[in-house]
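Let me begin by presenting the structure, written as structure tokens, before commenting on it.
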Amino acid sequence: MPKPSEKSQNAHPSEDLAPNLSSDLSPDLSPELARALAGKFLVFDGPDGSGKSTQLTMFLHATKRAGITVTEVREPGGTEIGEKIRDALLEHLDREEMSLRCEMLLYMASRAQLCEQIVEPALKRGDLVVADRFVASTFAYQGAAGGIPYAEIEAAAKISMQDIAPDATLIFDVDQQTAASRLNPLLDRMEAKGAIFHAKVRDGYHSLVESDPDAKRYLGVDATGTPDEVFANIKSVLERRFLDR
């Protein structure tokens, strides 16, 4: 997985948010949608190179202007323990390859600490919690692309997340060629797994969206347009989910 953004209670600077994006130029959320998002748990997810980090930046600017109290977190990471797990997961290893189940369980361990320490208290306060990646990534990367049965991932997720679950996961989709062109040339261990692997990841995300035809859990977002066009797609799917439009 890529290096997603993280700003849990403004504790850490973002790593790959669009650096030159002005908050004054970002589109706004409607007052109705802003009110509906209070106390919700949203996830921005999708394949590497899907452009979700730019959209996450725009969305956070919009929530700030709307007066929404937001707790932003990243996966893996977001806590001191989670950041140490993140280092182990994303760095290139010289002597041995991490086993797939070890990889999956480390993501879940980071998630367990994040849910208990950050996410649950924030939701109890009534914050909007926004996560850059969550359990959908595990289904796509370690499940669809890696080969771990979904049932095993679901069992591990139940332990790590307890009763916490996103109200909606926005899954950004873009064709593989465009996604590859957007990747940082300094690839981390997950980004560097190759075209076949990432094609399977994209198929895994598609299967999640297709498994939820009523779009209550997984909201597909067409990420092929300009940033403003993609942001309009985000608002549209969120309004359908939370305002019944």
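Could you rank the peptides 132-140, 31-39 by their average count of other C-beta atoms within 10 Å per residue, with the highest value first?
132-140, 31-39
Between residue 81 and residue 165, what length in nm is gained on full extension when 0.36 nm per residue of separation is reduced by their alpha carbon distance?
Numbers: separation 84, 0.36 × 84 = 30.24 nm, distance 2.09 nm.
In short, 28.2 nm is gained.
Could I have the simple spin-label model distance between residue 93 and residue 239, label points 7 Å from Cα toward Cβ, reported in nm to one decimal?
The two pseudo-label positions are separated by 4.8 nm.
Calculate the spin-label point distance for residue 196 paired with residue 102, positioning each point 7 Å from the Cα along the beta-carbon direction, and give it in nanometres.
2.3
Order these peptides, 216-223, 158-165, by their mean beta-carbon neighbour count within 10 angstrom, highest first.
So the order, starting with the most tightly packed, is 216-223, 158-165.
How many times 2.2 N^0.38 Å is the alpha carbon radius of gyration of the stretch 25-242? Show your work: numbers first, answer last.
Numbers: Rg = 16.7 Å, N = 218, 2.2 N^0.38 = 17.0 Å.
Rounded to two decimals, the normalised Rg is 0.98.
When the chain is fully extended, how far beyond the present Cα-Cα distance does residue 38 get from residue 214, taking 0.36 nm per residue of separation?
Result for the pair: 61.2 nm of gain on full extension.
Here, each number is a calculation from the coordinates, and none is a lab measurement. As the structure is a computational prediction, the values presented were derived from the model and not from experiment. Cβ coordinates were reconstructed from backbone atoms using ideal geometry, including for glycine residues, and neighbour counts include every protein chain displayed.
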